[in-house]
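Chemist: Just passing along the structure, written as structure tokens.
The values are calculated or read from the model by the stated rules, or taken from the named source; none is laboratory data. Note that the coordinates shown come from a computational prediction; the quantities given were computed from them, not determined experimentally. When we count neighbours, we look across all protein chains shown, and the Cβ atoms used for this are built from the backbone with ideal geometry, even at glycine.
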Amino acid sequence: MGRRGGARGAWRGAMEAEELRVGFVGAGRMAGGLGRGLLRAGKVPASNIIVSAPSDRNLAEWREWGCRTTHCNLEVLQESTVVFLATKPHVLPTVLQELRPAVTSQHLLISLAAGVTLQKLQRLLPTGTKVLRLMPNLPCVLQVGAAVFSRGTGVGDGDAALLQSLLSPCGMCEEVPEPYINIHTGLSGSGVAYVYLFAEAMAEGAVKMGMPMGLASKIAAQTLLGAAKMLLETGEHPAKLRGDVCTPGGTTIHGLYQLEKGALRATVMNAVQAATERACEMGED
Ligand SMILES: NC(=O)c1ccc[n+]([C@@H]2O[C@H](COP(=O)([O-])OP(=O)(O)OC[C@H]3O[C@@H](n4cnc5c(N)ncnc54)[C@H](OP(=O)(O)O)[C@@H]3O)[C@@H](O)[C@H]2O)c1
């Protein structure tokens with residue numbers, strides 16, 4: 001398996017030989033989303049994936065996929081080279097205390113825990129442990145996620161490339177400076193909930209005008225999907241695409257005027273700021 005720093009060739013070799021062994025400590029929603037992505041894309045054979053959790057609640061599904069499961073976190077570490085740490089943040093320090101004696105320089109640990117900084121992770125792990133901090137969002141479970149990650153000291157380009165390759169079936173995955181991770185939480189992790197609220201409000205507007213909720217909800221969701229695809233595929237600034245829909249004196253400019261009057265723009269900016277600040281506070285707790 002790959003060695004510390006710049007081990008791109010070794011990792012790629014391992015992946016081609018289907019020798020890569022991937023572990024998940026924590027088997028919940030986010031781990032499941034990433035696991036499903038890896039399996040659907042054939043990135044790692046199911047028999048090379050091992051997952052731990054205290055109860056069988058989530059493990060049964062992994063067994064159906066052909067993965068190995070255990071209640072012992074140490075077993076995951078002993079059986080894997082790449083280990084996703086996918087417990088809730090408040091549980092992670094205890095889990096790391098348990099794993100610490102068995103961590104070697106061969107391991108690449110990837111923490112998903114919101115608010116837990118690389119500095120804290122490195123403090124809780126043996127000196128020189130290769131650790132990455134990954135922040136996905138929930139649509140990763142449907143392979144349309146937006147994930148960012150930052151690397152700790154001693155993590156080489158090969159390790160970062162390996163993570164990007166593993167996550168490629170789950171959506172976009174960009175390396176960013178660590179302070180951007182909390183901004184990503186405010187923009188995208190929490191952002192999906194802003195979009196749900198917006199979708200709900202759009203649908204309720206249609207209900208107010210006489211359309212049934214089921215149909216209105218479906219149309220609102222498809223409208224968001226279409227608008228998001230236009231943004232991504234044209235690469236245009238949102239203001240340009242918005243302008244394209246505005247006929248002078250037409251319906252859209254009348255609707256947009258009401259949104260601006262209700263301070264939608266400033267409200268959304270404040271929401272991203274508030275959630276980012278909360279993510280920073282949670283990291284300090
Ligand atoms: N959900 C999101 O939108 C989102 C977005 C970005 C990042 N994250 C991060 O992803 C991580 C997981 O979130 P989630 O939503 O997937 O949580 P979740 O669905 O509650 O899953 C947590 C998992 O951790 C397991 N667990 C609890 N204590 C454990 C222990 N001592 N050792 C091993 N496993 C243990 C649970 O076991 P049982 O199966 O027995 O309950 C469960 O499988 C969190 O750190 C969160 O900050 C989540």
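Chemist: Filter the stretch 269-285 for residues that are surrounded by 14 or more Cβ atoms within 10 Å (Cβ to Cβ) and under 16 Å from PHE198 (Cα atoms) and give the result.
Modeler: ALA271, VAL272
Chemist: Let me ask something else. Right, ALA161: outside the structural domain of ALA279 (by TED's automatic domain parsing) and of a type outside the set (S, T, N, Q) or not?
Modeler: Spelling it out, ALA161 is indeed outside the structural domain of ALA279 (by TED's automatic domain parsing) and of a type outside the set (S, T, N, Q).
Chemist: If you check ARG151 against the conditions, is it farther than 19 Å from SER52 by Cα, of a type in the set (D, E, K, R) and without any contact (Cβ under 8 Å) to a residue 12 or more places away in the chain?
Modeler: Answer is no for this residue.
Chemist: Take the residues of the stretch 135-155 that are β-branched (Val, Ile, Thr) and within 13 Å of the ligand (Cβ to nearest atom): which is modelled with the lowest pLDDT?
Modeler: VAL141
Chemist: Of TYR194, TYR180, which residue is part of a helix (DSSP H, G or I) and touching a helix residue (DSSP H, G or I) at 6+ places or on another chain (Cβ under 8 Å)?
Modeler: That would be TYR194, the only listed residue that is part of a helix (DSSP H, G or I) and touching a helix residue (DSSP H, G or I) at 6+ places or on another chain (Cβ under 8 Å).
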